[in-house]
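Here the structure comes first, spelled out in structure tokens, and everything after it is commentary.
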Amino acid sequence: MNVLKVSRLTIAAFVLPCLIIYVGIVFVPILVSMYSGLLDWNGIGESRFIGFENFKNLFFHDPVFWPSVRRTLMFAVFSMAEIPLALLVAILLKRYIRRPNFLVSSYFLPVILSVVVVGQLWKTIYNPASMGGMLNQVLNAVGLGSWAHEWLTDPSVAMYSLYFVALWQYLGYHTLIQYTGILNVPEEIYEAARIDGAEGFTADRYITFPNVIPIFKISIVLAFIGSLQAFDMVMVMTGGGPAHATDVISTHMYNMSFLSMKYGYGSSIAAFLVVLCLAATFVINLIFNKLEKRFS
Amino acid sequence: MAKMSKWLSLVMAGTLALSLTACGGSKTDEGSASPSTGSGGKTDTAKEKNITITFQNIYPDPTDPKNKLMNKLVKQYESEHPNIKIELDSLNTDQQKLKLKTQAASKEVPDITIVNPAAQMQPFVEAKLLAPLDDMLDQNGLRGTFQDGLLDWYSFDGQTYAVPDGNNIGVVYYNKELFEKGGVKVPTTFEEMIDVVKTLKSKGIQPMAIGEKDTWTGSFLFMNMLLRTNNGAGFLKDVIDKKKTFEDPAFKEAVDAFQNLIQAGAFQEGVTSFDYNAGENLFKTGKAAMYFMGTWATGGIETSSVNGKVGVFKFPTINGKGNPDEFMLAPGSAFAVSADSKHLEETKAFLGWFMLNFPKEAFEAKGAVGIGQKVDGDFKAAGYSDMAMEVLNLFKDVKGGDLAFDNTMNPGTAQAHLTSIQNLFVQKKDSAEVAKEHQAAFEANNK
């Protein structure tokens, strides 16, 4: 602190306004929401304090909750599994394309499209062939009609259809992040390796990966936290249906709070989600710190 | 060069700041659209304040006769009262239900909003969010314009809190042309209906349409079947009074009948991704032969491409049980006034005037089939279609019926029921299991 030659008091005074705003807008609502989780409240009337009964019902008596947790975690796993693919694309871009800016920008395009737009687009693609759905029509045309499913209404495939759309949207995002990370690796190391006879993917294994780990970690954390909160995509495409087949934690929370008018119960789901996100961040940080120590 | 870049960065920082304020500015504009505060209310002259009344409604479709008459009446009132501006917030039904709930939670209910009868509006009444409208109804004989008994569905503890825009019944619309093409006749029993479905399907005609992404549509149809298998109305009331449970054979029979209809291929592929409008459009563009819906759909069907080809019939008996003169009753969505409105008197004055003129305007705009008020007029002479006359005749046969599930049971139970029914469209389930599911949900939500 003394490096800046400014007293601690001055620093505190400058940081305080923003800190107050941040605490007020982020932390206080989270705490209020956690308190709401202890109430029996329909959102517009009187509330009744019932302690942990909401949580008890949630963990032990709710048939929709644990499957939705499973789907959310699977969503997170799929999102994380996408990052190595993004890294591969970034490596190929750097090695084989001279001016990759155009390609990177076009891969990034789905990211800036509104989720509602992406959702509507894919809903139309996934529609049954009789309603003009592109995917089923193409499958039928090339003779793979047996692979055609009701992508958004068949409970066994609906969730996977949704995973695919989310991964499609964010591939460009992670590719861009990884690409920037790769660019930061100094060229001299690669030249030195080439002299020693290590080229291409061998060089990648020993040079690129270790240096890209911090960036990799950023992507993983972003992907994981983002997928835990996934709401708009699911809501636009299936609404959590049919019959909870595509419900994730956040859509279940929404349905409980606003449709079933059990705001207190919904708040308890929200509290669970917050704790889950925090725990996940902590674990990911731990793992990556160990990895970084090993490689540097 | 350094100076250039300094200037450049200054300009860019300035533009960024400017765009931030522009965004901030437009956001606050959007924000002030919904709350009930009048924006010009500060000019406080003695009598004539400028006030804005927010009028939340469910007529977003400009081809809907009700939308046209609403706009006409609003403009007329505004021209007669230059100090009053009426801001319309038009949404589709499910979106409005949701928006109202969020507004209610933050106590920002619009001056005029829409609520649904009985159990659906009860939470709002209990939370004292709605103003009683009895004084408004006692003026100009407004109360008498409504059909007998209709206002009961919107009254609690002797006070009325909302005035309905309709009083509809559930009927089956059918496309006469497609019926001829498929060589089928109007069914008089449910078993005949299944045969009609199978015949039409074999001829490549979509038998029925439904918009099951909006789960109340399937529930509405299912409850009509329950009305038949129960051999009369009042099943849900019996469950609430603990005289029956959902595991009653009548309920299971209804579930079986419902699944038979679905398994016979009555409904379109991907039915649970079609919302209400998409499902209705399937019928209105001549792509489906039958459509079970409330009579509020009449207006929309008349302005569509299948006008002139559509007839209606009563939902048939199931296994010989049930009375076809008993219908699903759907007292319409109703206009309610926020108890915390900043312009309570002016809002009630407007709403009272609006409802007085509603029947006449609806009659002229050809949207008077199924409104909740008494209408004097020769419908035939006014140019109402044959189908509208058929529907009006059905109204005369009504001997009773049931309200929809979500108007009878509290939201927690209703949601469980709605998703359970939606599930049946996607996979077959044992009716005993469905019954058990319902009973468990009822018990969990009615402790």
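Computed quantities for the displayed model
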| item | result |
| --- | --- |
| Failed condition for B:K429, given (1) closer than 16 Å to B:P331 by Cα; (2) surrounded by fewer than 17 Cβ atoms within 10 Å (Cβ to Cβ); (3) within 14 Å of chain A (Cβ to nearest Cβ); (4) not polar (S, T, N, Q) | (1) |
| Selection within the stretch A:225-242 - under 8 Å from the mean Cα position of the chain (by Cα) and farther than 17 Å from A:V111 by Cβ | A:L228 |
| Of the criteria (1) in a loop (DSSP other than H, G, I, E, B); (2) within 22 Å of the chain's Cα centre (by Cα); (3) modelled with pLDDT under 90, which one B:G308 fails | (2) |
| Set A:P67, A:P17, A:P29: member being modelled with pLDDT of 90 or more, within 14 Å of another protein chain (Cβ to nearest Cβ) and surrounded by fewer than 16 Cβ atoms within 10 Å (Cβ to Cβ) | A:P29 |
| Test: B:M193 is outside any helix (DSSP H, G or I) and either without any contact (Cβ under 8 Å) to a residue 60 or more places away in the chain or over 25 Å from A:W151 (Cα atoms) (or both) | no |
| Residues located in the stretch A:217-241, provided they are within 14 Å of chain B (Cβ to nearest Cβ), under 18 Å from A:L73 (Cβ atoms) and among the aliphatic types (A, V, I, L, M) | A:V234 |
| Count of the stretch B:409-418 residues which are under 18 Å from the mean Cα position of the chain (by Cα) and within 9 Å of chain A (Cβ to nearest Cβ) | 5 |
| Residue within the stretch B:395-408 that is aromatic (F, W, Y), in a helix (DSSP H, G or I), in contact with a helix residue (DSSP H, G or I) (Cβ under 9 Å, 6 or more places away or on another chain) and more than 14 Å from chain A (Cβ to nearest Cβ) present | yes |
| Residues of the stretch B:174-218 that turn out to be small (G, A, S) and either within 15 Å of B:F313 (Cβ to Cβ) or buried (at least 22 other Cβ atoms within 10 Å of the Cβ) (or both), as a count | 3 |
| Subset of the stretch B:347-384 [touching an Asp or Glu at 6+ places or on another chain (Cβ under 8 Å), of a type outside the set (K, R), under 21 Å from B:G144 (Cβ atoms) and at pLDDT 90 or above] | B:F358 |
| Selected residue (only one of B:A278, B:A233, B:A266 is in contact with a Gly (Cβ under 7 Å, 6 or more places away or on another chain) and in a loop (DSSP other than H, G, I, E, B)) | B:A233 |
| Number of positions in the stretch B:249-275 that are without any contact (Cβ under 8 Å) to a residue 24 or more places away in the chain and more than 14 Å from chain A (Cβ to nearest Cβ) | 1 |
| Residue within the stretch B:238-247 that is without any contact (Cβ under 8 Å) to a residue 40 or more places away in the chain and not in a loop (DSSP other than H, G, I, E, B) present | yes |
| Matching residues, the stretch A:243-259, being over 21 Å from the mean Cα position of the chain (by Cα) and either buried (at least 23 other Cβ atoms within 10 Å of the Cβ) or among the aliphatic types (A, V, I, L, M) (or both) | A:A243, A:M256, A:S257, A:L259 |
| Candidates A:H244, A:H149, filtered to the one that is on the phi > 0 side of the Ramachandran plot, in contact with a helix residue (DSSP H, G or I) (Cβ under 9 Å, 6 or more places away or on another chain) and either within 14 Å of chain B (Cβ to nearest Cβ) or not in a helix (DSSP H, G or I) (or both) | A:H244 |
| Residues being buried (at least 18 other Cβ atoms within 10 Å of the Cβ), among the aliphatic types (A, V, I, L, M) and more than 14 Å from chain B (Cβ to nearest Cβ) - total across the stretch A:32-64 | 1 |
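Every residue, every condition in (1) outside any helix (DSSP H, G or I); (2) among the small types (G, A, S); (3) free of Cβ contacts under 8 Å to residues at least 60 places away in the same chain, yes or no:
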{"site": "A:T175", "(1), (2), (3)": "no, no, no"}
{"site": "A:I189", "(1), (2), (3)": "no, no, yes"}
{"site": "A:L222", "(1), (2), (3)": "no, no, yes"}
{"site": "A:A230", "(1), (2), (3)": "yes, yes, no"}
{"site": "A:H252", "(1), (2), (3)": "no, no, no"}
{"site": "A:M261", "(1), (2), (3)": "yes, no, no"}
{"site": "A:F272", "(1), (2), (3)": "no, no, no"}
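The values are calculated or read from the model by the stated rules, or taken from the named source; none is laboratory data. Here the structure is a predicted model, which is why all the values come from computation and not from measurement. Cβ sites come from the backbone with ideal geometry, for glycine too, and all protein chains shown count toward neighbours.
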